[in-house]
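The values are calculated or read from the model by the stated rules, or taken from the named source; none is laboratory data. Keep in mind it's a predicted model, so treat the numbers as computed, not measured. Cβ: placed from backbone, ideal geometry, glycine included. Neighbour counts: every protein chain shown.
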Amino acid sequence: MAITWSSSYALPLAIAGAIAAYMVLRRPRHLPDIPGDYQWPLVGNLPYLLPFSRKSKSHLYMRRCMQLYGKVDQGYIFGNVFVNFSDANVVRELLRQDENGAIVRGDIVQKAFRGVGNWILFLMPMDRHWKRHRKMIQPGFGPAQLRRTAVSTNEFLDTLLEHWISTDASVVDFHTIASAVIMDILGDVGFSYRFNMVKHLDDPEKLNEIFQPFDRLFRISFERSRYPAFLWEWFNLGDDQIKPHIGALHTLVLAVLNERRAAEASVLKAEARDIVGRLICVDDEGSEQFTDEEICDELLGFFFAGHETTANTLTFVVAELAQNPAVAERLYNEIHSILGSDGIPSHDQLSDFKYLDKVLKETQRLHSVVPIILRFAVRDTTVAGYKIPKGAHIGISIDHIHHNPEYWKDPDVFNPDRWDEPIVPGSFIPFGDGPMNCIGQKMAVIESKVFMIRLVQKFRLHIVNPDQLDPIYSITLGYKNGLDIRLERR
């Protein structure tokens, strides 16, 4: 039987064949003087990376390369050249470059979020669109909002602690708890919207309705970043795989947006407003300054970044306190000396908790929630004496910097007292650095401090299942499969 091919398939197949032949025959582009793993045709370093990525430990592959090759190494995957740095001084300079520099944030991660959000601040390349978004949103994290963060965190923790006491809670999944509390705070402070996640802690279906789509989209987008777009469908990472998860989140975003737009016009025109207020405010002619797509994408982005990173940090802190009871008791003594058994921390008091500050910093150092930052060479340049070609991706290994024995004595040991000594500039960058540092870092620190004060004030913490101490990396690092904690009333 003769086989006939539809002409509609001929051209795509020919193009795909040509691309495949080109990439198979093409040798990786090796950069002189920069060490790295052997680069295979087409796939480059992928065979070395896959054992780590299959276990959601890609950050450990980067740490392994730095341990083998030093503070700079190179990689190559599907035609993309990567040069990775973990030298504190070099990284500091790279992160502080503005849009006129040779190294800027590229669009590799933004492309991986195709179909999720094109206008998300923490994904956008450093261009005029990013500058416009950052300029408008930054005041949404001003002094008034930061003070409101402390009040809001206390409010939702009141609800949480009352729930635990009334139900005589003994074992809780702390990652879920932290995610719910932070989501409520973000809604209240950033969006003036009530998600009521803490009130649904006894309703797993309600929580999963929100959190599972976030988790799935994070993982899909992260997996996409490792493969060329034409392979996404083959790995179940295509647009059709995203649609079922994005629908529920778009519904959530539109609920927030529609409620705020129903507010009085005078509220929308005010300058000193929360994040949503800044996004939907109008100019002097009465026109909105962002399109509906931009607004929805930014709201979704803050859902992603706002609750995910802080919830992961809090879970890491709790895990460390549970494994280091002497540290936990010392922290309790500081809290008790300032607030007693029932005092409520105010925004102005947070700077008094010196040991808490060290505990948080040490946790952020030991567990880098964002272990890798990517940049892009927009032209041929030289970095630390190495020639970097235009189009190369620059990997900045925050994780390795935070674990480098050159900067930290016994780097794998949890030791808050190390913060009594000065550190090497650039060796601690949990929120990044330079013009694209984390816009919400001050809010995150306030949330974390108030949360830990209220928790340690009332409970001793114990790990239930040590096997859960296995963090997952998918854009961010955390105990995303849950962490069961046993609560012991003080």
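Worth pointing out:
- Screening the candidates Arg29, Arg54 for the property of being modelled with pLDDT under 90, under 19 Å from Leu374 (Cβ atoms) and basic (Lys, Arg) yields one hit, Arg29.
- Considering residues of segment 252-285 that are in contact with a strand residue (DSSP E or B) (Cβ under 7 Å, 6 or more places away or on another chain), in a helix (DSSP H, G or I) and modelled with pLDDT under 80 only, the residue nearest to Phe303 (Cα to Cα): Leu268
- Looking only at residues in segment 470-486 that are of a type in the set (A, V, I, L, M, F, W, C) and modelled with pLDDT of 95 or more, the one that is farthest from Lys55 (Cα to Cα) is Ile485.
- Residue in segment 353-365 that is surrounded by fewer than 22 Cβ atoms within 10 Å (Cβ to Cβ), free of Cβ contacts under 8 Å to residues at least 24 places away in the same chain, part of a helix (DSSP H, G or I) and of a type outside the set (Asp, Glu) present: yes
- Scanning segment 390-432 for residues that are over 26 Å from Val318 (Cα atoms), in contact with a Leu (Cβ under 8 Å, 6 or more places away or on another chain) and not hydrophobic (A, V, I, L, M, F, W, C) yields His393, Gly395.
- Residue within segment 174-194 that is over 22 Å from the mean Cα position of the chain (by Cα) and not in a loop (DSSP other than H, G, I, E, B) present: no
- Matching helices (runs of 4 or more DSSP H) fully within segment 42-150 where at least 1 residues are within 30 Å of Ser351 (Cβ to Cβ) and touching a Leu at 6+ places or on another chain (Cβ under 7 Å): 128-137
- Some residue of segment 121-130 being farther than 30 Å from Ile394 by Cβ and basic (Lys, Arg): no
- Count of segment 303-342 residues which are at pLDDT below 95 and either charged (D, E, K, R) or over 30 Å from Ala255 (Cβ atoms) (or both): 4
- Within segment 215-229, the only residue that satisfies the criterion of being over 21 Å from Leu374 (Cβ atoms) and touching a helix residue (DSSP H, G or I) at 6+ places or on another chain (Cβ under 8 Å) is Arg216.
- Restricting attention to segment 31-58, the residues being of a type outside the set (A, V, I, L, M, F, W, C) and over 18 Å from Arg219 (Cα atoms) number 12.
- Apart from one condition, Arg490 fits all of (1) within 30 Å of Ile120 (Cβ to Cβ); (2) modelled with pLDDT under 95; the exception is (1).
- Which listed residue is among the acidic types (Asp, Glu) and more than 20 Å from Phe85 (Cα to Cα), from Asp417, Asp399: Asp417
- Some residue of segment 136-159 being surrounded by fewer than 20 Cβ atoms within 10 Å (Cβ to Cβ) and touching a Phe, Trp or Tyr at 6+ places or on another chain (Cβ under 8 Å): yes
- Residue in segment 186-206 that is closer than 27 Å to Asn45 by Cα, at pLDDT below 90 and either of a type in the set (Gly, Ala, Ser) or touching a Pro at 6+ places or on another chain (Cβ under 6 Å) (or both) present: no
- Per the listing Arg490, Arg486, Arg460, the residue uniquely in the same structural domain as Val318 (by TED's automatic domain parsing), more than 17 Å from Val317 (Cα to Cα) and basic (Lys, Arg) is Arg490.
- When segment 218-251 is limited to residues that are modelled with pLDDT of 80 or more and among the hydroxyl-bearing types (Ser, Thr, Tyr), the one that is nearest to Phe191 (Cα to Cα) turns out to be Thr251.
- Scanning segment 345-375 for residues that are in contact with a strand residue (DSSP E or B) (Cβ under 6 Å, 6 or more places away or on another chain) and more than 16 Å from Ser58 (Cα to Cα) returns a single hit, Arg375.
- Scan of segment 211-251 for residues that are free of Cβ contacts under 8 Å to residues at least 40 places away in the same chain, surrounded by 17 or more Cβ atoms within 10 Å (Cβ to Cβ), not in a helix (DSSP H, G or I) and not aromatic (Phe, Trp, Tyr), ordered by number: Leu237, Gly238
- Long-range neighbours under 9 Å by Cβ, at least six apart or interchain, first residue free of Cβ contacts under 8 Å to residues at least 24 places away in the same chain within segment 418-433, second in a loop (DSSP other than H, G, I, E, B) and aromatic (Phe, Trp, Tyr): Ile423/Tyr407; Ile423/Trp408
- If only residues of segment 161-179 that are surrounded by 24 or more Cβ atoms within 10 Å (Cβ to Cβ) and of a type in the set (Gly, Ala, Ser) are counted, the one that is modelled with the highest pLDDT is Ala178.
- Test: residue in segment 308-315 that is surrounded by 23 or more Cβ atoms within 10 Å (Cβ to Cβ) and touching a His at 6+ places or on another chain (Cβ under 7 Å): yes
- Residue within segment 54-70 that is touching a residue at least 24 places away in the same chain (Cβ under 8 Å), over 30 Å from Asn481 (Cα atoms) and either surrounded by 20 or more Cβ atoms within 10 Å (Cβ to Cβ) or outside the structural domain of Pro389 (by TED's automatic domain parsing) (or both) present: no
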